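Okay, so here's the structure we're looking at.
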Amino acid sequence: MENAVQALYIAFAVLVFVIAFSVTLYLVDKVNETAKNLVWSLDETAYYDTLELTDLISGNDENKNNASRIVGIDTIIPSLYRYYKESFAVKILDEAGNLMQYFDTTTEGNLMEAKTKNENDASGVQLRTDQQRALISLYDANSRPCYMFGAPWLGSINKDAKTRIDMYISGSKGYINNTLVDYGRSCSGLAITSTPENGSKNDKIYLNNFKNRKFKEIFSQYAYEGDTVTDEFDELVSLTGTKQISTKIVITYQLIK
């Protein structure tokens with residue numbers, strides 16, 4: 001009889017342990033879910049609409065699809081905050097189609113890698129590839145509006161890329177990973193109409209400079225082989241050929257006069 005009582009005690013203790021363990025797991029899961037929801041609610045980009053690319057229509061170029069519409073900067077801003085999360089590129093052009101700013105993690109990463117190499121070694125042998133020299137010429141010249149400052153935001157992409165976008169929108173100046181980034185600087189050679197009606201300055205590229213302006217938005221999907229880079233005519237070109245066909249989404253915003 002005593003053994004039976006002991007067995008009941010043990011069974012009851014096991015039952016209590018199982019219940020307590022199950023409740024603990026449930027509470028831990030709820031705490032984790034609550035924490036995730038809290039973090040999501042604090043991220044202002046979570047309230048932006050996700051880009052939909054299903055409305056792409058075929059163009060004359062068999063390697064490119066296009067769809068376009070007229071938008072303001074309220075449409076451009078969500079695209080900027082999504083580009084590094086969803087792996088597409090965003091180009092901002094002036095009225096003449098000159099590149100003012102380019103957002104693309106692949107290009108930014110390749111530029112950062114190119115910057116770590118010297119042009120030549122001690123014996124004069126070239127260390128940079130043609131692609132790396134093209135990237136530096138296009139995106140590392142301080143005289144160009146599309147100057148990327150060496151892409152220092154790639155050090156912590158989720159945090160620093162957002163900081164870069166914040167600075168580009170407001171035209172502010174500051175440091176990202178100890179590198180000075182200045183989106184309020186003056187740029188020459190831009191085709192920007194400056195009138196009292198639109199209020200934009202013809203030598204500034206930051207996005208809020210165009211808050212009263214309209215842009216033509218073009219969704220493009222390119223099919224290409226090998227590594228690519230945007231050339232001096234702002235066209236996506238392939239530099240190395242492979243048999244692997246890839247696609248790249250580019251959203252272009254060109255300022256309208």
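The values are calculated or read from the model by the stated rules, or taken from the named source; none is laboratory data. Predicted model only: the values in this text are computed from it and were never measured. Cβ sites come from the backbone with ideal geometry, for glycine too, and all protein chains shown count toward neighbours. Side chains included, ligands, DNA and RNA excluded: accessible areas come from the protein's heavy atoms. Shrake-Rupley method; radii C 1.70, N 1.55, O 1.52, S 1.80 Å.
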Residues of segment 137-157 that turn out to be under 14 Å from the mean Cα position of the chain (by Cα) and either under 20 Å from ASN98 (Cα atoms) or hydrophobic (A, V, I, L, M, F, W, C) (or both), as a count: 5
Matching residues in segment 157-197 - criterion: being within 15 Å of GLU95 (Cβ to Cβ) and open to solvent by less than 20 Å² (accessible area, probe 1.4 Å): CYS187, ILE192
Tally, over segment 86-97, of residues that are surrounded by fewer than 19 Cβ atoms within 10 Å (Cβ to Cβ), more than 13 Å from the chain's Cα centre (by Cα) and at negative phi: 2
Pairs with Cβ under 6 Å, 6+ apart, first in segment 126-148 and within 17 Å of LEU190 (Cβ to Cβ), second open to solvent by less than 30 Å² (accessible area, probe 1.4 Å) and among the β-branched types (Val, Ile, Thr): PRO145/ILE205
Checklist (1) in a loop (DSSP other than H, G, I, E, B); (2) touching a Lys or Arg at 6+ places or on another chain (Cβ under 8 Å); (3) open to solvent by 20 Å² or more (accessible area, probe 1.4 Å) applied to TYR147, failing item: (2)
